[in-house]
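Just dropping this structure here.
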Amino acid sequence: MEKNTVLHKANTRGHANHGWLDSHHTFSFANYFDRERMNFGVLRVLNDDIVDGGMGFGTHPHSNMEIISIPLEGDLQHKDSMGNVAVISQGDVQVLSAGTGISHSEQNKNRDRAVKFLQIWVMPNKQNVTPRYDQISIGDLEKKNQLYQVLSPNPEDAGVWIHQDAWFFMGNLEGGVSQEYKIHKTGNGVYVFILEGDVTVNGQALNKRDGFGIWDVDGIQLKADSDTKVLVMEVPMQLP
C-alpha cells in the first residue's frame, strides 16, 4: 500500500454490542480506543449502528461538532433542545451543527424492526456557532451509476451543508462502472466507505464496510467490481 493511504477492513473495526445497540466503530469511540485510529483528518467518528425496535439513545449533549446521520434501513426519530422533532429514513441525510451546545435523542421509530444508520462526526472549522438542524431527502439528487453530492460547505449547493470544507458524495454503481472523483480543495484527503458490494479504489480492492483513506492526490478512481453503494467523504487533513 502507498504511504499516503490507510486501509480499515470491516473486521478490524471496534465493536460494541449493548443488546439494544450493535455498533461498529471505524475510529476510536466510547470504550473502543486505538491510538492509530483516532481520525482521518477532521473525520472523527464513523459509526455503523443497528438499534433494536423501540429502542434508542436517550437525551445527551453535544458541542462544537458537525454530526451527520445517514439511515440505511428503517426509520430514526430525532428530538432536540431546539424543538425539532423529525423522522429520517433511508434516502435521507440529517445534519446537526452542535456549536455552542445542543441536546438530542434518537429513537427507533418502529417496534417491529431494527434501524440501521451511519453516524459521522466532523470537526468544524468554526467554534461556538449557533446550533442548527437540517435534513434532506437525497432521492432527488441520486443519479444511477454516477457519484452525486449530498454534503458540502455551501448552503446553496446540493445536499446539506456543514461548517467545514468537506464534500460527501454517494454512488449507486452497477458492476463494471468506473467513476473519477476530483479533490475540491488542496490539502483535503478522501475517505471511501463501502456500504454494499465490492469496489477497487486506486488499485486497492475493497469489500462491504471496508474503509480506505488517501491523501496528497488530485483525485481517485473508483471501479465497481459488483453492484455497489459507496460513500465518498472529502475532508481537510489538517486539524482545526
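The values are calculated or read from the model by the stated rules, or taken from the named source; none is laboratory data. Because the structure is a prediction, the values reported are computed rather than measured. Glycine gets a Cβ as well: all are built from the backbone with ideal geometry, and neighbour counts include every protein chain shown. Accessible surface areas use protein heavy atoms only, side chains included; no ligands, DNA or RNA. Shrake-Rupley method; radii C 1.70, N 1.55, O 1.52, S 1.80 Å.
Would you confirm whether or not the range 175-188 contains a residue that is out of contact with any Leu (no Cβ under 8 Å at 6 or more places or on another chain), part of a strand (DSSP E or B) and open to solvent by less than 20 Å² (accessible area, probe 1.4 Å)?
yes
Shifting gears a bit: If I ask for residues that are open to solvent by 40 Å² or more (accessible area, probe 1.4 Å) and part of a loop (DSSP other than H, G, I, E, B), which ones from the range 189-216 would you list?
Asp198, Asn202, Gly203, Asn207, Lys208, Trp215, Asp216 - these are the residues of the range 189-216 that are open to solvent by 40 Å² or more (accessible area, probe 1.4 Å) and part of a loop (DSSP other than H, G, I, E, B).
Could you please tell me which pairs satisfy a Cβ distance under 9 Å, a separation of 6+ or placement on different chains, a first residue in the range 116-132 that is under 14 Å from Val42 (Cα atoms) and at pLDDT below 95, and a second residue that is open to solvent by less than 30 Å² (accessible area, probe 1.4 Å) and among the β-branched types (Val, Ile, Thr)?
No pair meets every condition.
Here's another thing I want to ask about it. Going through the range 217-240 one residue at a time, which ones are within 13 Å of His184 (Cα to Cα), in a loop (DSSP other than H, G, I, E, B) and acidic (Asp, Glu)?
Matches in the range 217-240: Asp218 only.
Among what's in the range 70-83 and is open to solvent by less than 50 Å² (accessible area, probe 1.4 Å) and of a type in the set (A, V, I, L, M), pick the residue that is nearest to Leu151 (Cα to Cα).
Applying the filter and picking the extreme gives Ile70.
Take residues that are among the β-branched types (Val, Ile, Thr) and touching a residue at least 60 places away in the same chain (Cβ under 8 Å) and tell me which of the strands (runs of 3 or more DSSP E) falling wholly in the range 1-87 contain 3 or more.
43-51
What residue, of Val150, Val160, is in contact with a helix residue (DSSP H, G or I) (Cβ under 6 Å, 6 or more places away or on another chain) and modelled with pLDDT of 95 or more?
None of the others qualify; the one that does is Val150.
Let me ask something else. Which residues, counting only those in the range 165-174, are open to solvent by less than 10 Å² (accessible area, probe 1.4 Å) and of a type in the set (A, V, I, L, M)?
Ala166, Leu173 - these are the residues of the range 165-174 that are open to solvent by less than 10 Å² (accessible area, probe 1.4 Å) and of a type in the set (A, V, I, L, M).
Test Asp48 against the criterion of being open to solvent by less than 20 Å² (accessible area, probe 1.4 Å), modelled with pLDDT of 95 or more and of a type in the set (Asp, Glu), and give yes or no.
yes
Further, regarding this structure: Restricting the first residue to the range 191-210 and requiring it to be on the phi > 0 side of the Ramachandran plot, which pairs with a second residue that is open to solvent by less than 50 Å² (accessible area, probe 1.4 Å) and at pLDDT 95 or above meet a Cβ separation below 7 Å and a spacing of at least six or different chains?
Gly197/Ala224; Gly197/Ser226; Gly197/Thr228; Asn202/Ile214; Asn202/Ile220; Arg209/Ala10; Arg209/Asp48; Arg209/Ile194
Can you work out which of the residues in the range 84-104 that are open to solvent by 20 Å² or more (accessible area, probe 1.4 Å) and in contact with a Gly (Cβ under 8 Å, 6 or more places away or on another chain) is farthest from Phe29 (Cα to Cα)?
Gly91
Then there's this: Quick check, is Leu72 closer than 23 Å to Lys229 by Cβ and of a type in the set (A, V, I, L, M, F, W, C)?
yes
Report, by residue number, each residue of the range 52-69 that is surrounded by 14 or more Cβ atoms within 10 Å (Cβ to Cβ) and over 18 Å from Leu231 (Cα atoms).
Once the filter is applied, which keeps residues that are surrounded by 14 or more Cβ atoms within 10 Å (Cβ to Cβ) and over 18 Å from Leu231 (Cα atoms), the range 52-69 yields Asp52, Gly53, Met55, Gly56, Phe57, His62, Asn64, Met65.
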